[in-house]
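Asks: Take a look at this one; I'll ask things after.
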Amino acid sequence: MASHCRKYPISCFVIACNEEDRIERCLASLAGWVDELIVLDSGSTDNTVEIAKRYATVHQTDWPGYGQQRNRALKRCQHDWVLNIDADEVMSNDLKNEVDEVLSQRDIDVNVIQFKWYTYFFGKPLKFGRYASPQGKLFLKTGASFKNRQVHETLLLPNKRSLTLRHGLAHYSWRNYQHVQEKHLKYACLLAKEKHDKGKTASMPYACLRFFTDFIQQYLLRLGFLDGWRGLMMAIVLGQYAFHKYAALAEFNSPGETK
């Protein structure tokens, strides 16, 4: 049963594909708390759809890219306040109670509510760096959309006014170290193609430079070193991510590129 102390109902959507090992924990933390729960599946070949149907209304579609898929899901939401959660994220009871407190107020002078992000890496959450930045997960639907990108699809809001809550959202982004590398490589190549289509270029020396600059940004400027060896590992991964992105873009620009 959805919370009765809130003055404003919540629609929640989850986009998913082949998430049978993670989606149940996500949906179980939402079902009965949100007023509408939608899963937009893009061709799962495992038991994702069957599991999701126990908790949510499920729609199946193709895969047009992250931004367009989130916009499709957003259009299906009935209520003004919309929660955008991924299959690898889990709402805690403390976070849900805090959301209820905010949405029980008569006048709310914000249009996006940010959650602290506890991204787990080798069994523990990172406290610093890119994967610890608060995320705008709950927002007013009016005028909202997601940037039409293949990946890193930013939420666009007119006259953005945000509030960051005290409690955080658990984020289990990677199943294991292999998945860490595969996911970052996939995203890097998608972004390289997107940049190439926009006429941007890169060189291998620049790709090498970006490894070091992105490593330094994550490890030193964003205080990743305070996460110990996990922070060092993540800084290396993000340096590799930058290198792969611009190396892939350089390949698009090379004379021997295969069309």
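The values are calculated or read from the model by the stated rules, or taken from the named source; none is laboratory data. Given the structure is predicted, the values throughout are model-derived calculations rather than measurements. FYI the Cβ positions are ideal-geometry reconstructions off the backbone, even for glycines, and counts take in every protein chain you see.
Asks: Can you list residue pairs whose Cβ atoms sit under 7 Å apart, with the first residue in the stretch 210-235 being more than 18 Å from K124 (Cα to Cα) and acidic (D, E) and the second being crowded, with 17+ Cβ neighbours inside 10 Å and at pLDDT 95 or above? Count only pairs 6 or more apart in sequence or on different chains.
Replies: Listed pairs, sorted by first residue: D214/L238; D214/G239; D214/A242.
Asks: Of the conditions (1) touching a Gly at 6+ places or on another chain (Cβ under 8 Å); (2) not in a helix (DSSP H, G or I), R106 fails just one. Which one is it?
Replies: Tallying (1) touching a Gly at 6+ places or on another chain (Cβ under 8 Å); (2) not in a helix (DSSP H, G or I), R106 fails exactly one: (1).
Asks: Test each condition in (1) within 30 Å of L232 (Cβ to Cβ); (2) surrounded by fewer than 16 Cβ atoms within 10 Å (Cβ to Cβ) for A87 and report the one that comes out false.
Replies: (2)
Asks: Out of the residues in the stretch 152-173 that are of a type in the set (A, V, I, L, M) and in a strand (DSSP E or B), which is surrounded by the most Cβ atoms within 10 Å (Cβ to Cβ)?
Replies: In this case the residue turns out to be L169.
Asks: Then there is this: Quick check: is even one residue across the stretch 179-194 modelled with pLDDT of 95 or more, surrounded by 15 or more Cβ atoms within 10 Å (Cβ to Cβ) and in contact with a strand residue (DSSP E or B) (Cβ under 9 Å, 6 or more places away or on another chain)?
Replies: yes
Asks: Could I ask something else about it? Which of the residues belonging to the stretch 121-151 are within 30 Å of M233 (Cβ to Cβ), polar (S, T, N, Q) and part of a loop (DSSP other than H, G, I, E, B)?
Replies: S133, Q150
Asks: Then there's this: Considering (1) over 17 Å from W33 (Cα atoms); (2) surrounded by fewer than 18 Cβ atoms within 10 Å (Cβ to Cβ), say which one Q78 fails and leave the rest.
Replies: Unmet for Q78, out of (1) over 17 Å from W33 (Cα atoms); (2) surrounded by fewer than 18 Cβ atoms within 10 Å (Cβ to Cβ): (1).
Asks: So which strands (runs of 3 or more DSSP E) are wholly in the stretch 1-101 and hold at least 3 residues that are in contact (Cβ under 8 Å) with a residue 60 or more places away in the chain?
Replies: It comes to 10-16, 81-84.
Asks: Just name the residue that is farthest from A87 (Cα to Cα) out of those in the stretch 174-216 that are among the small types (G, A, S) and not in a helix (DSSP H, G or I).
Replies: So the residue we want is S203.
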